[in-house]
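Below: the structure, in structure tokens.
The values are calculated or read from the model by the stated rules, or taken from the named source; none is laboratory data. The structure presented is a predicted model; accordingly, all values stated were derived computationally and were not measured. A quick note on method: Cβ atoms are made from the backbone with ideal geometry, for glycine too, and the neighbour counts reach across all protein chains shown. Note: areas computed on protein heavy atoms with side chains; ligands, DNA, RNA excluded. Shrake-Rupley method; radii C 1.70, N 1.55, O 1.52, S 1.80 Å.
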Amino acid sequence: MAGGRRSKKPVPPPRPRNTLILDNGASTLKAGVVRGTEIGDPLIVPNCIARDRSRKTYVASELETCRDFSEIQFRRPIDRGFIVNWEAQRDIWDRQFIDDGAPLKCDPEETRLILAEPPNNLPVLQSNCDQIVFEEYGFASYYRGIGATFNAYHDVQSLFRTPKDAPDVANSPAEAILVVDSGYSHTTVTPVLAGRPLHSAIRRLDVGGKLLTNHLARLLSLRHFDMRNETYIVNEMKEAASYVSSDFKADMEIVWKGTRGDRRQGYLTGGGIAKDYILPDFHRRSKGLLCDFDPNRHSKAKRFAAGAQADEDVLALRSERFAVPELVFNPSDVGMRQPGLPDLIHESLETLPIGLWPALLANIVVVGGNALFEGFIQRLQKETVQRFPDDCVVRVARPADPITSTWHGAAHLANHAHVEQLCVTKKEYEEYGASWVGSKFAKGLGAV
């Protein structure tokens, strides 16, 4: 109305004092509360519900109290990288954040949630997640973003030990990085420019820690004992013994046993590759033990003459040590019709203007649990260099802790100006609806 008073702009809701950062991985859940500028270390707990042979149930962090992991069964809320079982996921979140005595107990009405999700998540699963966060938990505000982009909020150049005039504070997204995330369910390649993912160039390889563990269990079951129901023990064995070979054919030649009646010397002595893994019995020893290869352990007469304990179960690991992680680079070894990781990087960059290649190739950051395999970074750099022109500088680096790198990046984002632009409040969700929230999260900092 002309001459009338102007209506006052609605007062924005107060900014939440606490921010819950949640990297909801398929194997482990990394969570922590950021209060102001104070950033600590996240709590890492299994993202599963487990049941042992005595039918006792363990939820998330309760698994630490289990003393017998033989034939333990797991129920995981995430399948192929996506949350598909919200009943189990709610039980885990409640036990960690909501229930009395929860390790990270918080009041959702006074807390902002930053949640990491995998690339190319299905819209219906995203909508279910948004509904759970606002309608069941009632968080004050919320941002759901691709986990790989959070790694841009680190001081990336420090990973490559690049000299700088002055130290940078990790509160601005890196201009260009190529994030390789190799976790439990899959391996993804995500180019990121100024904190924005280039969606058209994201590539996925369906090889992750779960497939590697299952493959190792099959190999052991063929050559030693039936380990198909011992996935927990096999996974520990994989993490302790596996490495990425720099020359797969040469290592395979060393561990080849030769023809019948003509055993090769490298096979008999281990060739510097073979290791012994002593299985846990969950009475005297609750953890397996990796030790140097000893031929006496694998001959009954020599073992008793040496005074070794007869009830010790020992596996000799030879080609299994490097043949299992080799699947990340050559998935065709198990019949998968997908390119290996170096080819996947090349495939990703081929969809982008060639002018972006130098910046992305010079800043390849590898995160996820599989990055901890010995030799992984060196092999990836060696094979990536071979697939690009000689004038492109290829640098591959791994954070000090690749498992929590995404969480720490999201924690830096919580204190960045971008977070106010990205987050959605509960009031906005109620006013505009789930479709508006989904489109805002899809746009992020702007369409790229």
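For this structure, a couple of remarks:
- Protection proxy ranking, highest mean first, for peptides 280-291, 416-427: 416-427, 280-291, where packing is the per-residue count of other beta-carbon atoms within 10 Å, averaged.
- Length-normalised contact order for the chain - Cα pairs under 8 Å, 6+ apart - percent: 17 percent
- With respect to the chain, whose longest principal axis is taken over its alpha-carbon atoms, helix 434-443 is tilted by about 70°.
- Computed from backbone phi with θ = phi - 60° and the Karplus coefficients 6.51, -1.76 and 1.60, the 3J(HN,Hα) list for region 138-148 is x, 5, 5, 8, 7, 9, 10, x, 5, x, 4 Hz; x is used for glycine and proline.
- Interchain or long-range residues, amide H under 5 Å from residue 47's placed H: 28, 29
- Rounded percent of accessible protein surface that carbon and sulfur make up, region 138-256, 1.4 Å probe: 52 percent
- Using a probe radius of 1.4 angstrom, the carbon and sulfur fraction of the accessible surface of region 312-444 is 49%.
- In terms of distances greater than 31 angstrom between alpha carbons, the cross-link table entries 56/238; 30/56; 210/287; 105/238; 56/427 yield 105/238; 56/427.
- Acute angle (nearest 10 degrees) that the helix 231-241 long axis makes with the longest principal axis of the chain, alpha-carbon atoms: 80 degrees
- Relative to the longest principal axis of the Cα atoms of the chain, the long axis of helix 341-350 makes an angle of roughly 30 degrees.
- Sorting 180-188, 196-204 by their mean Cβ neighbour count within 10 Å, with the most densely packed peptide first, gives 180-188, 196-204.
- Taking all protein chains into account, the per residue accessible area for the chain stands at 50 Å² (1.4 Å probe).
- Taken one residue at a time, the phi angles of region 396-408 give Karplus couplings (6.51, -1.76, 1.60, θ = phi - 60°) of 10, 9, 10, x, 4, 10, x, 6, 9, 4, 4, 5, 5 Hz. Gly and Pro are set to x.
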